[in-house]
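Input: a single structure, listed below in structure tokens.
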Amino acid sequence: MEATPSIWQQAVAIWASGGWAMIALALDAFIIFYMGSAIFWCIRAKGYLYVTEGKMKTWVKDPAKGRGPVGKMIRFVMGATNLTEIAIRFDELNQTEIAPINRDLKVMQACVGIAPLLGLLGTVTGMLATFAALATGSGGDKTMGMVASGISEALITTETGLLIALPGLIFQYKLAREHAQYKAFLAHLQTVCSQRIYKENQPAKAA
């Protein structure tokens, strides 16, 4: 009695039948979800979700009380003495906080778009293998096996490309929303800090 292949063995067999395109798809999937996870934890590590409006204003008023990454940012920008200088410091902050995430999101977006194209490429090579088998085969089980292999390669790569692209697209949308939320937080922080600097620079009214 033959042993029934395990799920893992079946998965490996299906993967191998997809041809060389499956290697490119695996690499693409690794880049998508590795970079996505890195972006997600990078944004969450900023700790901005736990900073309330009241806490932010307290830290802006007294930067020494600031805690975590947000407190560190506030101490950096509140070292400015006027509105021009604080704008420059926030520009520097955006270059270090926002620009790297923008770059990684663009790379991830490109990889998500590549996934179905790699699947389509595998489809084309699978169909070429099928036609080659029909053209050179002499009929019989061997020819039918080559045809079946070519069709299998064509269908599996297409399906794999879509299975990578669809969750990758949803993941990318989620990260884009997180990134937009973080940028909105920094924009609001700039407003609060600028208001504080403006207030401090106003001449005291005579009694």
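The values are calculated or read from the model by the stated rules, or taken from the named source; none is laboratory data. Bear in mind the structure is a predicted one, so any value in this text is a computation, not a measurement. For neighbour counting, all protein chains shown are included, and Cβ atoms are generated from backbone atoms with ideal geometry for every residue, glycine included.
Observations, loosely collected:
- Within the range 67-87, being touching a Lys or Arg at 6+ places or on another chain (Cβ under 8 Å) and free of Cβ contacts under 8 Å to residues at least 24 places away in the same chain holds for G71, F76, G79.
- Meets criteria (free of Cβ contacts under 8 Å to residues at least 12 places away in the same chain, loosely packed, with under 15 Cβ neighbours inside 10 Å and more than 24 Å from N201 (Cβ to Cβ)) for A64: no
- Test: residue in the range 135-153 that is closer than 30 Å to Y34 by Cα and either buried (at least 18 other Cβ atoms within 10 Å of the Cβ) or at pLDDT below 95 (or both): yes
- Flag if T157 is modelled with pLDDT of 90 or more, more than 16 Å from the chain's Cα centre (by Cα) and hydroxyl-bearing (S, T, Y): no
- Whichever residue in the range 38-61 is among the aromatic types (F, W, Y) and closer than 18 Å to T96 by Cβ and, among such residues, is surrounded by the fewest Cβ atoms within 10 Å (Cβ to Cβ): W41
- Subset of the range 88-105 (residues that are surrounded by 14 or more Cβ atoms within 10 Å (Cβ to Cβ) and over 14 Å from I43 (Cβ atoms)): R89, F90, L93, N94
- Cross-chain or 6+ apart pairs with Cβ under 7 Å, the range 22-49 first and under 13 Å from M108 (Cβ atoms), then modelled with pLDDT under 90 and surrounded by 15 or more Cβ atoms within 10 Å (Cβ to Cβ): D28/L118
- Boolean, I23 is closer than 30 Å to L166 by Cβ and surrounded by fewer than 13 Cβ atoms within 10 Å (Cβ to Cβ): yes
- The range 33-57 - residue that is among the β-branched types (V, I, T) and more than 30 Å from L163 (Cα to Cα) and, of those, nearest to the chain's Cα centre (by Cα): V51
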